[in-house]
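Chemist: Can you keep this structure in mind? I'll have questions shortly.
What follows is calculated from the coordinates using simple rules that are stated; it is not laboratory data. Fair warning: this is a prediction, and the values are worked out from it, not measured in the lab. All Cβ positions, glycine included, derive from the backbone under ideal geometry; neighbour counts span all protein chains shown.
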Amino acid sequence: SLRTVNGGDSWDYLFLTDDEFQPHLNYTYGDQQAWRKSSKDEGYAVGELGKYYVSDDQGQNWLEIDTGYFGSFWSGIKVDNGQSLLLGMSGKLTLATLIDRNEDPPVGKEVYIACYESGLYEDDCKVYVFDNLFIGAKNSMTSAIILDDGRIAISGNGGAITVVDLHKKKEIQTCIRADRLSNTSIIQLASDEFLIAGERGIRKHSMRECLENFNNTESNSQDSYITVSIN
């Protein structure tokens, strides 16, 4: 990995761990909510073998966190203070939640403790709880955004577009588009309308239209629509 501290004028190598076989990283991200005081210092990275990396000092030192998932994480997004959604393979999502060290962890969930070994936060330990979620189809997810109402929209391979509602309806809705084209990024146009980019260019997508096509027995559309509850 490479890091710059002067706007890109120069770059240095960045080693996340002491392992001579440095991890294969797929994506790095930060806190999109600039009003949070911690946002300027936080950094996150995801990669192979289900690894999740967290920095609280602008990337000087990193925690290597085992999520209990052994596949690849392709991307991630911070969805709340102390909480990230990690995008994995085969329709798998992992919700990583930071809890207080004195709090009893939930029963039956993956829990991991990681401690800084050097730097400003040396010996400071963090406890993470992991919830394993599934979109209802075995499509790998590629990119995510936070919507105006707090839901998360995700683009994926094989025509998958997913909307995750962690708080109100507590459900995951996934449209498998009839074109089955893979998408690498997504932006919001309206409440449930998006612009997606990927294989064969850019196109508009409507979750409402996908659901209507799926429910219409007279439609020739091959759209599929899946709803999964979050327990």
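Chemist: Within the set Lys40/Lys168; Lys109/Lys204; Lys51/Lys126, which residue pairs have Cα atoms separated by over 26 Å? Don't skip to the answer; put the middle values down first.
Modeler: Details: Lys40/Lys168 29 Å; Lys109/Lys204 38 Å; Lys51/Lys126 15 Å.
Too far apart for the 26 Å limit: Lys40/Lys168; Lys109/Lys204.
Chemist: Roughly what would the spin-label model give for Thr17 and Thr4, points 7 Å off Cα along C-beta, in nm?
Modeler: 2.8 nm
Chemist: Placing +1 at every Lys and Arg Cβ and -1 at every Asp and Glu Cβ, with all other atoms neutral, what dipole size does the chain have around its Cα centre, in debye to the nearest 20?
Modeler: That gives a dipole near 980 debye.
Chemist: Sticking with this structure for a sec: Test of understanding: express the Cα radius of gyration of the chain as a ratio to 2.2 N^0.38 Å, with N the residue count. All intermediate terms of the calculation are to be shown ahead of the outcome.
Modeler: Working: Rg = 18.7 Å, N = 231, 2.2 N^0.38 = 17.4 Å.
That ratio works out to 1.08.
Chemist: May I pose another question? Just to check, using Stokes-Einstein with a Kirkwood Rh over alpha carbon pairs, what's the diffusion coefficient of the range 19-134 at 37 °C and 0.692 mPa s in µm²/s? Mind dumping the intermediate values first?
Modeler: Details: Rh = 14.5 Å.
For the chosen part, D equals 227 µm²/s.
Chemist: Length gain on complete extension for the stretch Cys115 to Ile99, per 0.36 nm per residue less the alpha carbon to alpha carbon distance? Could the numbers behind the result be given before it?
Modeler: Details: separation 16, 0.36 × 16 = 5.76 nm, distance 1.39 nm.
Using 0.36 nm per residue and subtracting the Cα-Cα distance, I get 4.4 nm.
Chemist: Hey, in the GNM for the chain with a 10 angstrom Cα cutoff, which one of Glu48, Glu218, Glu199 fluctuates hardest?
Modeler: Largest GNM mean-square fluctuation: Glu218.
Chemist: Take the Cα of Phe134, step 7 Å along the line toward its Cβ, and report every residue of the range 77-108 whose backbone nitrogen sits under 16 Å from that point.
Modeler: 88-95
Chemist: Further, regarding this structure: For a quick size check, give me the Cα extents of the range 139-231 along its three principal axes, largest first, whole Å.
Modeler: 34, 30, 24
Chemist: Please report Arg177, Arg3 as a ranked list, fewest other C-beta atoms within 10 angstrom at the top and most at the bottom.
Modeler: Values: Arg177 21, Arg3 14.
Ordered by Cβ neighbours within 10 Å, fewest first: Arg3, Arg177.
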